[in-house]
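I have placed the structure first, in the form of structure tokens, so that the comments after it can refer back to it.
Values quoted throughout were computed directly from the atomic coordinates according to the rules given, and no laboratory measurement underlies them. Because the structure is predicted, anything quoted here is derived from the model rather than measured. Cβ coordinates were reconstructed from backbone atoms using ideal geometry, including for glycine residues, and neighbour counts include every protein chain displayed.
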Amino acid sequence: MKEIRPSDERLQYMGRIDVQNPDAPVFYWAGSLVQLAFTGTQLTFIIENHVSYNGMQLGCIIDGQERQIALGDADNRYDIPVSGGGVHKCILFKRQDSTHHFVLQKILLSEDGDLCELPPLPELKLECYGDSVTAGSVVEAVDCVAASDPPVYDSVYDNAWHSYAMQTARLLGAQVHLVAQGGIALFDHTGWFADGRYGLETVYDKLCYFPDQPMTKWDFSRYIPDFVTVAIGQNDQHFDGRDQLLDPEQRERWLNTYCEILSDLMKKYPKAVFILMLTVLMHDDFWETLLDDACERMSSPRVKRFRFTRSGKATPGHPRIPEQCEMACELTEFIQSLRGEAAGQALSRSDSPQRKAGTRRRKTADKSAP
């Protein structure tokens, strides 16, 4: 078979992926992916998988058809069925969050096959911070729409591809990075991630963020989004071993830290628009009010507050694919409205009297030039 190295420039990557060794990229965050177009009759991925907990599968879209790849092969070899001739397209993506991470070691094609050039990645870029809902946890438990989660599911229903974040990106024709982890809260020692050890305050700027691995810093210059969604607050009521609301002092500390993270990201992304929100998973309105206050405190035209129609009211369990689709449609409409406002403001500036006068002066000067 023909061997393709992961560093081949005809491959396209998306997400916070460790490319320190370009021929052994490491995938940590849910939704991170590699895509390729190829000819030939065979496609095989050589993948070194590292288990943290639970069962796991990778996601694969081959010629528009979604498949699961059950990990655990002793030879690290995963064959993808290919039908018909011509040019095929494949997207290999990480369905789950910190249940595992994997290294792409090589891609194999049939001897008569080769990689083809893909169209450039979209110019529009999203980055989505959040918890299990943003990561697409339990979305495939479609028999439990508007109901609690199945008592046992071992991550098999997790699928970042169908999260509102990735659906929104596809609706907008955008790239997207998911910075999302099930159970995470704002503060360390709150929420559920790693038994509450780490919160967004520790992992938002990380590449490897796994508790059982050395954490590494993310290079923010590698990806500059146009829109950043922040959906944090769902798990923050869990601390000191029980669920509770914040007292006034805790509330002030939460607001300060939340706004500090926003301010840091706004410096890193000086033109991005930030959208503060929660999801349709049920929660106390206390957290919605807290985000209202955070938006007011930031007092910036680049910080927007958004509520889904059924924010905090739709389901006691994780949103399933239909509910994630509902969120994606509403968020897409909101982002499109923001893009329309920005375009209108740019047009207004271009049509200002000063601009028009300057244009007329330039045209006059051009006519008189030799």
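Note on the range 2-116: the C-alpha convex hull projects to 6.5 nm² when averaged across all orientations. Under a Gaussian network description of the chain, with springs only between Cα atoms under 10 Å, the residue in 235, 54, 159 that fluctuates furthest is 54. Comparing 336, 68, 234 in a Gaussian network model of the chain, where Cα atoms under 10 Å apart are tied by springs, the biggest mean-square fluctuation is seen for 336. Considering only beta bridges that DSSP places wholly inside the chain, some 70 percent are antiparallel. Scattering from the range 71-206 was approximated by placing one identical point on each alpha carbon and applying the Debye formula without solvent; log10 I(q)/I(0) at 0.10, 0.11, 0.18 1/Å stands at -0.46, -0.55, -1.22.
Could you list log10 I(q)/I(0) for the chain at q = 0.10, 0.11, 0.12, 0.14 Å⁻¹, which the Debye formula gives when each Cα is one point scatterer? With no solvent term, the Cα-only Debye profile gives -0.66, -0.78, -0.91, -1.18.
Over 29 Å between Cα atoms, which of 271/313; 89/268; 89/267; 106/271; 106/206 qualify? Checking Cα-Cα distances, 271/313; 89/268; 89/267; 106/271 exceed 29 Å. Backbone amide hydrogens, once placed in the peptide plane, bring residue 28 within less than 5 Å of 18, excluding anything fewer than 5 places away on its chain. The 3J(HN,Hα) values that the Karplus relation (6.51, -1.76, 1.60; θ = phi - 60°) gives for the range 232-241 are, in residue order, 10, x, 5, 9, 6, 6, 9, 7, 6, x Hz. Gly and Pro appear as x.
What the phi angles of the range 26-36 give under the Karplus curve with 6.51, -1.76 and 1.60, with θ = phi - 60°, is a coupling list of 10, 9, 10, 7, 4, x, 5, 8, 10, 10, 8 Hz, glycine and proline written as x.
Under 16 Å from a point placed 7 Å out from the Cα of residue 282 along the Cα-to-Cβ direction: which residues of the range 307-322 have their backbone N that close? Output list for this probe position: 310-320. Across the range 62-72, computed HN-Hα scalar couplings (Karplus, 6.51 cos²θ - 1.76 cosθ + 1.60, θ = phi - 60°) run 10, 6, x, 9, 7, 9, 10, 10, 6, 7, x Hz from first to last residue, x flagging Gly and Pro.
A full extension of the chain between residue 152 and residue 114 corresponds to an added length of 9.4 nm, given 0.36 nm per residue minus the alpha carbon distance. The H on the amide N of residue 4, modeled in the peptide plane, is under 5 Å from the matching H of 107, 108, 109, each at least 5 residues off or on a different chain. For residue 98, the residues whose modelled amide H falls within less than 5 Å of its own, excluding neighbours fewer than 5 places apart on the same chain, are 182.
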